[in-house]
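Please read the structure below before turning to the comments.
The values are calculated or read from the model by the stated rules, or taken from the named source; none is laboratory data. Quick caveat: nothing in here was measured; it's all calculated off a predicted structure. Cβ placement follows ideal geometry from the backbone for every residue including glycine, while neighbour counts extend to all protein chains displayed.
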Amino acid sequence: MPEKRIVLRNCDVIDPRSITTYLDRDGFKALEKAHSMAPEQIIEEIKASALRGRGGAGFPCGLKWELTKKSPGDEKYVICNADEGEVGTFKDRYILERDPFTLIEGMTIAGYAIGAKKSFIYLRAEYYYLLDLLVNALSQAREKGFLERFDIDIRLGAGAYICGEESALMESIEGKRGDVRYRPPFPPTKGLWGEPTVINNVETLMNIPQIILNGAHWFSQTGTEQSKGTKVFSVSGDVKRPGVYELVLGSRLKELVEDLALAEKVKMVQIGGATGRIIPYDMIDTPLSFETILGAGAITVFEESRDVIDVVYRTMEFLAEESCGKCSPCREGTEVMVEILEKLTRGEGSERDITLLEQLSEAMMLSSLCGLGQAAPNPVMDSLQYFRGDYENRIRESQSGVAA
Amino acid sequence: MNKTPEAISVQSKDQENLLVLLEEAQNKFGYLSQELMVELAESLGISISEVYGVATFYSFLYTQPQGRYVIKVCQSLPCFLKNAEMIIKSLEQELGIRLGETTSDGKFSFQLTNCIGACDKAPAMMINNDVYVDLTPDRISEILKACE
């Protein structure tokens, strides 16, 4: 079985309300070791581990830290992205519920490495019920003296998916609308309040203490050529065992969906949420990695009776609603796609509609300001590639006057 | 209404943090009225449209009065696959109101929200800041009764 709990090693083992149980499991030993290393050494170690971001983009963590360290700036920041708004993703919630201490330790090491004294956990409003737990964990860490040179504040979101996008997130912390920023500059150069900023996903930071303790070489022995380590997956939908599973990168989708989550009669799987990919069952052997298919690891399973067009329509509705509205390709493109798909679900549509979807997709992928608009066409394009027959049947039925 | 936890420390930068101030105001007054937004704009020396722009951007901020209990049912795909529609119908029946409405006694408001990250225990909903999972029509009755 490819399950390997590195990120989740303390989950359901320690008491998330007691730092003592964390200290008993080598808690904060990585921070101690880090303080005996030069910041540059720490960055070299993270670079050597080849750890890539776990929030969906997969950017090399060490490189991000290095760029931020090298940027001139008086007050640098670390931000933990705990917005987790991608549909079907709940791994960070699971982690925060069970092991806030590893996150605190990971953030503190990041702060030391880049020379930051202040940091934020941006917690989505939907996870408000975790606030007590996090506040408690932080105050225990403070009591033990772990946050003397580096403190962590919590900032709440207010119900906006786009605020999981790093630049919109920073706008939100600054008290504004979650509009996406033009890039460059990128956060390592000019981020929060214009200062050099590292923004990392919860799961990315969870990997840091173990890498520091066991070494980059240990970490990079697991995984594939371009995807080292493990990934925590969130499995939901038509499965008997929904939940969180941590697997070595490169494991096959079949192992996760059928062997572990016990799915049967699968029609298709949506990987990476609303902006992710849709693949048909006959590709169930696909390995899960950055070089193949991954996202932040949201795995939603659809069984045979599910209606592809309806799934894509609902996905587009979500994206159109959550679009920040700043750039035209996304703001207008998602709306038009929703209109066309809604027509199709009602059994009204033509070949011209499909052509329009394809043209819009190209324009949005090329010219949208951020990942939401760039990836919004994914479900449309994937479903047209693998389930074109469903679209064509729907159109044929509507043209012949037969109810869909 | 919910107390703003001390965790949201209002540092010197935050004296002018519009989002934090709006969240605090909503916690106190239940929603952001026009008068409140105008007052806030004046006290911060910014335009009313800027305040309105932030207030209307975030789905958890309200510019209309809400019930004491705001029910937000998840409408995203993983919950949809687990019969969220039945939960919505149950709530409509129990409360006697439709989506977007508030009960005449001002107790419950009812709306849809997007993925709240409880997909492993779908279907799910929030009532104010609390999350309710593994919902069934029967559980809906119990949950609503428990809301004083």
message = Among the residues of the stretch B:116-126, are any in contact with a Lys or Arg (Cβ under 7 Å, 6 or more places away or on another chain), more than 14 Å from chain A (Cβ to nearest Cβ) and either under 23 Å from residue A:245 (Cα atoms) or in contact (Cβ under 8 Å) with a residue 24 or more places away in the chain (or both)?
response = no
Hits in the stretch B:11-63 (condition: part of a helix (DSSP H, G or I) and β-branched (Val, Ile, Thr)) = B:20, B:38, B:48, B:51, B:54, B:56
note = Note on residue A:17: of the conditions (1) more than 23 Å from the chain's Cα centre (by Cα); (2) modelled with pLDDT under 95, unmet is (2)
request  = Kindly indicate whether residue A:175 is within 14 Å of chain B (Cβ to nearest Cβ) and of a type outside the set (Ser, Thr, Tyr).
outcome  = yes
remark   = Expected single match for over 15 Å from the mean Cα position of the chain (by Cα) and either under 30 Å from residue A:306 (Cα atoms) or charged (D, E, K, R) (or both) among B:86, B:125 is B:86
query = In the stretch A:380-404, how many are modelled with pLDDT of 95 or more and either hydrophobic (A, V, I, L, M, F, W, C) or crowded, with 20+ Cβ neighbours inside 10 Å (or both)?
reply = 6
message = Checking the structure you have, find out if any residue of the stretch A:106-123 is touching a Gly at 6+ places or on another chain (Cβ under 7 Å), more than 14 Å from every other protein chain (Cβ to nearest Cβ) and surrounded by 22 or more Cβ atoms within 10 Å (Cβ to Cβ).
response = no
query = In the stretch A:132-189, how many are of a type outside the set (Val, Ile, Thr) and in a helix (DSSP H, G or I)?
reply = 21
request  = Would you check if residue A:297 is at positive phi and at pLDDT below 95?
outcome  = no
message = Residues that are in contact (Cβ under 8 Å) with a residue 12 or more places away in the chain, surrounded by fewer than 17 Cβ atoms within 10 Å (Cβ to Cβ) and away from chain B (no Cβ under 14 Å), at least 2 per element: which helices (runs of 4 or more DSSP H) completely within the stretch A:293-379 meet that?
response = A:328-345, A:351-367
remark   = Out of (1) surrounded by 14 or more Cβ atoms within 10 Å (Cβ to Cβ); (2) more than 24 Å from residue A:124 (Cα to Cα); (3) assigned by TED's automatic domain parsing to the domain that holds residue B:137, the one residue B:76 does not meet is (2)
ask   = Does the stretch A:89-105 hold any residues that are within 11 Å of chain B (Cβ to nearest Cβ) and either among the aliphatic types (A, V, I, L, M) or in contact with a Gly (Cβ under 9 Å, 6 or more places away or on another chain) (or both), and which are they?
value = A:89, A:90, A:91, A:92, A:93, A:94, A:96
ask   = Are there any pairs with C-beta distances below 8 angstrom linking a residue in the stretch B:68-79 that is within 17 Å of residue A:275 (Cα to Cα) to a residue that is of a type in the set (S, T, N, Q) and surrounded by 24 or more Cβ atoms within 10 Å (Cβ to Cβ), with the two at least 6 apart or on different chains, and if so which?
value = B:77/A:270; B:77/A:300; B:77/A:315; B:78/A:236; B:78/A:300
